[in-house]
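**Student:** Take this structure first; my questions come after.
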Amino acid sequence: MGRWGEWRTLPPSPHPPISPYPRAGFTLLEILVVIVIIGILASLALVGVTYAIKTSKISNTQAMLSTMQGALDNYHTRWRDYPPSTLADYKVKVPNNTNNGVESLVASLSSKQKGGILYQPPTQEMYANADGDDLPKNPTESYLAESGAYALLEYTDFFGNPLVYLHHNDYARAPAPLTTYLGAAGGQEQSFKPLKGAGSSWAMPDKYQLVSPGPDGILGTEDDLRQF
Ligand SMILES: [Ca+2]
Ligand SMILES: [Ca+2]
């Protein structure tokens, strides 16, 4: 028997023949596995994006508080004091008992009477009026007033909630009209409790306390942001 004859008598291969054409389509199981993997990756990406947005709002709010601190130092250099905790100190009758400190802060840092605009937030949207109050006339010659009437605006943090401001004269008595707070989403009024520093003394004892309720919008929780 010749050489080619020997080749033809070889036993059949144990491996099945390989098709020259690719298999058409995927099995249902393969498709399900891919869908699950895509779902996991998408939810991880969403968590990452949400976390990055929150982190950036926190750091922007902290930067904003420190810029405001500089503006308040300029105000103090000029007037030897920080803005009062309420516009009642400007001899005006304030219309309600909410967000009074930050309303006085906005008026004080943006008025002709107090030396011009000492602070402006990064965007116009960061002026709010969460408690919807206004005065019939402009009490401090604020540049933010329009046609005589004066909306009692508040500075907001990067989460859209008004800040809290309290002059050091008012830490100890901290009456409700100076410490009652209403967030941007409305809802329940909250109460700001002046913060203690080391030992039993007040934080920022001879200055002021300037606080953002942080990502959760609730005062007195761990995520509050402040300038000290
Ligand atoms: Ca108010
Ligand atoms: Ca207001």
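**Student:** Residue pairs, Cβ under 6 Å, 6 or more apart or interchain, first in segment 155-171 and over 13 Å from L195 (Cβ atoms), second within 13 Å of ligand 2 (Cβ to nearest atom) and hydroxyl-bearing (S, T, Y). List them.
**Tutor:** Close Cβ pairs satisfying both conditions: P162/T156; L163/Y155.
**Student:** Inside segment 121-148, can you point out the residues that are away from ligand 2 (no atom under 13 Å from the Cβ) and among the hydrophobic types (A, V, I, L, M, F, W, C)?
**Tutor:** If the condition is that a residue be away from ligand 2 (no atom under 13 Å from the Cβ) and among the hydrophobic types (A, V, I, L, M, F, W, C), then M126, A145 are the ones that fit.
**Student:** For Q190, which of the numbered conditions (1) farther than 24 Å from T67 by Cβ; (2) within 13 Å of ligand 1 (Cβ to nearest atom); (3) surrounded by 16 or more Cβ atoms within 10 Å (Cβ to Cβ); (4) within 21 Å of the chain's Cα centre (by Cα) fails to hold?
**Tutor:** Against the list (1) farther than 24 Å from T67 by Cβ; (2) within 13 Å of ligand 1 (Cβ to nearest atom); (3) surrounded by 16 or more Cβ atoms within 10 Å (Cβ to Cβ); (4) within 21 Å of the chain's Cα centre (by Cα), Q190 comes up short only on (2).
**Student:** Please go through segment 93-115 and give me each residue that is surrounded by fewer than 24 Cβ atoms within 10 Å (Cβ to Cβ) and among the charged types (D, E, K, R), ordered by number.
**Tutor:** Answer for segment 93-115, where residues must be surrounded by fewer than 24 Cβ atoms within 10 Å (Cβ to Cβ) and among the charged types (D, E, K, R): K93, K112, K114.
**Student:** Turning to a different aspect of this structure: For Y171, are the conditions met, namely being at pLDDT 95 or above, in contact with a His (Cβ under 6 Å, 6 or more places away or on another chain) and closer than 15 Å to P84 by Cα? Steps first, answer last, please.
**Tutor:** Values: at pLDDT 95 or above: yes; in contact with a His (Cβ under 6 Å, 6 or more places away or on another chain): no; closer than 15 Å to P84 by Cα: yes.
Considered against the rule, which asks whether it is at pLDDT 95 or above, in contact with a His (Cβ under 6 Å, 6 or more places away or on another chain) and closer than 15 Å to P84 by Cα, Y171 comes out as no.
**Student:** Residues in segment 131-171 that are more than 16 Å from G101 (Cβ to Cβ), assigned to a strand (DSSP E or B) and away from ligand 1 (no atom under 15 Å from the Cβ): how many?
**Tutor:** Looking only at that region, the number is 1.
**Student:** Now a separate question. Restricting attention to segment 91-120, which residues are part of a loop (DSSP other than H, G, I, E, B), within 12 Å of ligand 1 (Cβ to nearest atom) and hydroxyl-bearing (S, T, Y)?
**Tutor:** Result: no residue meets the conditions.
**Student:** Counting just the residues of segment 95-120 that are more than 16 Å from S85 (Cβ to Cβ) and touching a helix residue (DSSP H, G or I) at 6+ places or on another chain (Cβ under 6 Å), which one comes out nearest to ligand 2 (Cβ to nearest atom)?
**Tutor:** Taking the candidates together, the pick is Y119.
**Student:** Right, something else. Looking at (1) over 30 Å from P205 (Cβ atoms); (2) touching a strand residue (DSSP E or B) at 6+ places or on another chain (Cβ under 9 Å), which one does M126 not meet, given that it meets all the others?
**Tutor:** Among (1) over 30 Å from P205 (Cβ atoms); (2) touching a strand residue (DSSP E or B) at 6+ places or on another chain (Cβ under 9 Å), the lone unmet condition for M126 is (1).
**Student:** If you don't mind, there's one more thing I want to ask. Here are the criteria: (1) touching a residue at least 12 places away in the same chain (Cβ under 8 Å); (2) in contact with a Lys or Arg (Cβ under 9 Å, 6 or more places away or on another chain). Tell me which single one Q113 does not satisfy.
**Tutor:** Looking at each condition in turn, Q113 falls short on (2).
The values are calculated or read from the model by the stated rules, or taken from the named source; none is laboratory data. Because the structure is a prediction, the values reported are computed rather than measured. Cβ atoms come from the backbone with ideal geometry, glycine included; neighbour counts cover every protein chain shown.
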